[in-house]
Amino acid sequence: MIVSFAPRGNGTTQDFVLDNNGKDRIAVQIEALHRYIGLDGRETRTPTDEFNVYPQQVSLQPNEKREISVTWTGNHEPDRELAYRLVMTELPIHPNTTERREKKGGANITFLMQYVASLYVTPPGALPQIEVESFKLLPDGQGELIFKNAGTAHRVIKDPRVIFRLPSGKKIDAPQASLQDLEGENVLAQEERRFNLALPSAVVKAEKARPNSIVVSIELK
């Protein structure tokens, strides 16, 4: 689930509905976390007090629904889109109550669920702009590309086209098969991502002959 918040005015509050469609009572904790994606695509989350979540904990009987209200209370005029996660974690219930357990090897194992939603606080007019920040030929013949989102909103990469312009002026496309790792990846506003991809032999040859002479660009549909 992806939910957008306005930094001010209408749209600063969004409601979520928790639905316990199971047969047992459950307890759930809800919290908002700041979201970062590193160069290698690993996501880290840190606590934030920029959202007001109410209630922060709920107990749901079977087939019961509960509405959760989430309100943005942070910067009303951010210069770019801000990314967060809303994490809903099932809490262990007291052993005297019903729990979902599985008997395995003489041990009781309780499976607790977690649901994660994407939250974006998006200022008016925010737009993404994906660029190639750098290109490097690796010893194994692959290319290391670092993409930067120089825009003000996130962008999920779809149907990318990576183009290498050689010193001669000739343009060569990266093989589509080598771009599979880019497909569906999220580049947050003002952040960078690193990807390795197989290179056409002509690109490898040209880069070895004249290092740092190739211009690389990316096009997205």
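Values in this text are rule-based calculations from the coordinates and carry no lab data. Treat the numbers as computed from the prediction; the structure is a model and nothing was measured. Note: ideal-geometry Cβ built from the backbone for every residue, glycine included; neighbour counts use all protein chains shown.
Measuring from label point to label point, each 7 Å out along Cα→Cβ, what is the Tyr36 to Arg210 span in nm?
3.9
Under the Kirkwood approximation for Rh and a Cα-based Rg, what ratio Rg/Rh is obtained for the chain?
We get a ratio of 1.12 for the chain.
Quick one: if you take sqrt(5λ) for each eigenvalue of the C-alpha gyration tensor of the range 158-221, what semi-axes come out, biggest first, whole angstrom? Each step should come with its number before you reach the end.
Numbers: eigenvalues 103, 33, 23 Å².
Equivalent ellipsoid semi-axes, largest first: 23, 13, 11 Å.
Let's test the formula: R0 of 22 Å, r as the Cβ-Cβ distance of Gln61 and Met113. What FRET efficiency results, to the nearest 0.05?
The formula returns an efficiency of 0.85 here.
How many nm is it between the label spots at Asp24 and Thr46, if each spot is 7 Å from the Cα in line with the beta carbon?
It is 3.7 nm.
Sequence gap at least 6, Cα distance under 8 Å: using those rules, report the relative contact order of the chain to the nearest whole percent.
20
Treating each Cα of the range 2-121 as an identical point scatterer and ignoring solvent, apply the Debye formula and state log10 I(q)/I(0) at q = 0.21 Å⁻¹.
The Cα Debye sum returns log10 ratios of -1.15.
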